[in-house]
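The values are calculated or read from the model by the stated rules, or taken from the named source; none is laboratory data. What you see is a predicted model; the values in this text were computed from it and never measured. Neighbour counts are summed over all protein chains in view; Cβ atoms, including those assigned to glycine, are modelled from backbone coordinates with ideal geometry. The protein model used for the area step is the full one, side chains on, heavy atoms only, and it has no ligands, DNA or RNA in it. Shrake-Rupley method; radii C 1.70, N 1.55, O 1.52, S 1.80 Å.
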Amino acid sequence: MYAIILAAGKGSRLQPFTETMPKCMVEIKNKPLIFHTLDHLSASGKVDKVIIVCGYMADMVQDSVGGSYQGMEIEYIINQNYETTNNVYSLYLAKDYVNADCLLLECDLYYQKNVMDMIMSGEADCNILVSPYNKDTMDGTIILAENGQARELLIKAHQDTSRDYGDAYKTVNIYKFQQDFLTRKLMPALELYVKTGNLQSYYELVLGSLIYFRNDNIQLCVVDERSWYEIDDYKDYERANQSLF
């Protein structure tokens, strides 16, 4: 199995940390975020190769992680246009690099081992790691579901501000794709979007379009919101460092 870690962005909301390091090198509990993720991937015993999509201060990531980590091969893709593109383009750059089942992870996550165990256990065409949506503590992409199947994905800009979304789930930004779904569905749709759409957009919109058609088995893997943190700003950084794991 492969894993793709998206780590190209600048992380402006985490300044001053990101004035001297990329977002994935910010330390939580005295260890850079990317090494927490690499440790979990290695501990799963299922990941042979990790592809890291770098951009901002890419040399620091490459020098720190190297060409292998705890038995996993490490390969790098450089998004030279990281300042003018978003994650849809970073993922697009990896389209020719994967030929097996694959995990997709964003670099700004800190989480418990059971979070990785949960997504690894998923056997659908696409598994999406989520938590029940808490509007007081969560922000970003949400998913509406029926009997565990994803039925609608809404990025923040598309959410109805008058609606409560008490029945929704927040994406953790960790996904597991079966090879057939990845190579025949997601990547071709991603390529079409990149060639016709906005490079500053989000891969979630492409996945949302596949959810809309309801032709695939796209399931949710639900974890407790207290088992993970997304490190977007200093408040998130403080909360994660004060966590009990």
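For the stretch 139-167, filtering for residues that are under 25 Å from Gln200 (Cβ atoms), of a type in the set (A, V, I, L, M, F, W, C) and either surrounded by 11 or more Cβ atoms within 10 Å (Cβ to Cβ) or touching a strand residue (DSSP E or B) at 6+ places or on another chain (Cβ under 9 Å) (or both) leaves 6. The C-beta contact set for the stretch 99-123 (first residue touching a residue at least 12 places away in the same chain (Cβ under 8 Å), second residue among the acidic types (Asp, Glu) and part of a loop (DSSP other than H, G, I, E, B), distance under 7 angstrom, 6+ apart or interchain) comprises Asp108/Asp232.
Which residue, of Ser90, Ser44, is under 13 Å from Ala3 (Cα atoms), touching a residue at least 24 places away in the same chain (Cβ under 8 Å) and open to solvent by less than 50 Å² (accessible area, probe 1.4 Å)?
Values: Ser90 fails: under 13 Å from Ala3 (Cα atoms).
Of the residues listed, the single one that is under 13 Å from Ala3 (Cα atoms), touching a residue at least 24 places away in the same chain (Cβ under 8 Å) and open to solvent by less than 50 Å² (accessible area, probe 1.4 Å) is Ser44.
Of all residues in the stretch 15-41, which are assigned to a helix (DSSP H, G or I) and crowded, with 21+ Cβ neighbours inside 10 Å?
Going residue by residue through the stretch 15-41, those that are assigned to a helix (DSSP H, G or I) are 17-19, 23-25, 33-41.
Within the stretch 15-41, Lys23, Cys24, Met25, Leu33, Ile34, Thr37, Leu38, His40, Leu41 meet the criteria.
Filtered by the rule that a residue be within 23 Å of the chain's Cα centre (by Cα) and of a type in the set (Val, Ile, Thr), the stretch 158-179 gives Thr171, Val172, Ile174.
Picking from residues in the stretch 47-72 that are part of a helix (DSSP H, G or I) and touching a residue at least 12 places away in the same chain (Cβ under 8 Å), the one that is nearest to Glu123 (Cα to Cα) is Val65.
From the residues in the stretch 92-117 that are assigned to a helix (DSSP H, G or I) and of a type outside the set (Ser, Thr, Tyr), which one is farthest from Tyr76 (Cα to Cα)? Looking at the filtered set, the residue picked out is Asn114. Residues in the stretch 179-192 that are buried (at least 20 other Cβ atoms within 10 Å of the Cβ) and not aliphatic (A, V, I, L, M) were compared, and the one that is nearest to Asn81 (Cα to Cα) is Lys185. Looking at the stretch 22-41, I want the residues that are hydroxyl-bearing (Ser, Thr, Tyr) and have a partner that is open to solvent by less than 30 Å² (accessible area, probe 1.4 Å) with Cβ atoms under 7 Å, at least 6 apart or on another chain. Which pairs are those? Qualifying pairs under 7 Å: Thr37/Ile5; Thr37/Leu105; Thr37/Leu109.
From the list Leu182, Leu220, Leu153, the one residue that fits, being out of contact with any helix residue (DSSP H, G or I) (no Cβ under 9 Å at 6 or more places or on another chain), aliphatic (A, V, I, L, M) and outside any helix (DSSP H, G or I), is Leu220. Report whether or not Val172 is hydrophobic (A, V, I, L, M, F, W, C) and in a helix (DSSP H, G or I). In short, no.
For the stretch 133-140, does any single residue satisfy the condition of being out of contact with any Gly (no Cβ under 8 Å at 6 or more places or on another chain) and at pLDDT 95 or above? Looking for residues that are out of contact with any Gly (no Cβ under 8 Å at 6 or more places or on another chain) and at pLDDT 95 or above, one finds none in the stretch 133-140, hence no.
When the stretch 195-212 is filtered for residues that are over 18 Å from the mean Cα position of the chain (by Cα) and modelled with pLDDT of 95 or more, only Tyr212 remains.
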